[in-house]
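Where a number appears in this text, it was derived from the coordinates with a stated rule and is not lab data. This one's a predicted model, so the numbers in the text were calculated from it and none came from an experiment. Heads up, the Cβs are rebuilt from the backbone with ideal geometry, glycines too, and the neighbour counts pull from every protein chain shown.
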Amino acid sequence: MRKLGLLLLPFIILSSAYGQSTEFSVHFNSGLFSFGGESATGSSIIIASDVSSEGNYTNNPYGTKKKLSYGLTAQFQRITNYKLIFGLQSGYELLRTQVRIDDVAGDFPTPPSSASGQTTFKNGFIILYPNVGRRFIFNDLNIDLTVGPELGFNVVSREKGEATTNNNIVIKTDRERSHANTDFRLRSSLTVYYKNWGISTGYSYGLRNYSGDLIGGNRERFSRFIRFGVTYRLK
């Protein structure tokens, strides 16, 4: 919490010193989420467990295939006389990615030679996005361009998948994964307002390696999120 306070301190000081107007807005976000890095993958296998206390699982659910995601956030902004922006956005996002399943592994009476299916990997985050930027005004349009660090506090990670083997055996997985703790990203955002309504887009580039605690090999998995959404500005 102390580090978080130090991170936000410059935004608080600057917005208090130079802020001339205050705006609140609500953002209904969607977007395409995926993982990047050498250990992210487009395909994987499901491991069928033969232990009753241990369920089936996907060997590598960190997919490069983009999946529609969504979230709801609230934003506070101070706008100076020079149209500088000092803002803070916070809320919840459910980010999803997918891998293709092309095989299964386990103890089978007749071992299958192939499988077909998919696994969806869901991660829920409480996000905090302190940002700075500039407002441009063109007739009735307000155009806000902002950048800043984004913190994602992971509260849930779950995989759900299903695959059918070539000999018609259906293998399913539905289980919690270990939480990713805090994801640190660099984010840019563009929002265009007409009166109270606006549309937004942006991109988050993850810097935290989700496989950083694994030993052996060059394991790299980083979050990537292309955002778009609708916002309503309260005055």
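Computed quantities for the displayed model
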quantity: Crossing angle, helix 2-18 versus the chain [Cα axis fit, 0-90 degrees, rounded to tens]; calculated: 30 degrees
quantity: Cβ-placed point charges (K, R +1; D, E -1), dipole of the chain about Cα centre in debye, nearest 20; calculated: 1060 debye
quantity: Magnitude of the charge dipole, region 82-128, Cβ model with Lys/Arg +1 and Asp/Glu -1, debye to 20; calculated: 380 debye
quantity: Value of relative contact order over region 20-234, rounded to a whole percent, pairs C-alpha under 8 Å and six or more apart; calculated: 23 percent
quantity: Lys pairs under 22 Å by Cα in region 20-234, provided they are eight or more residues apart or on distinct chains; calculated: 13
quantity: The chain: projected area of the alpha-carbon convex hull, averaged over directions, in nm²; calculated: 15.2 nm²
quantity: Listed residue (L145, F222, G36) projecting farthest to the positive dipole end of the chain, Cβ model; calculated: L145
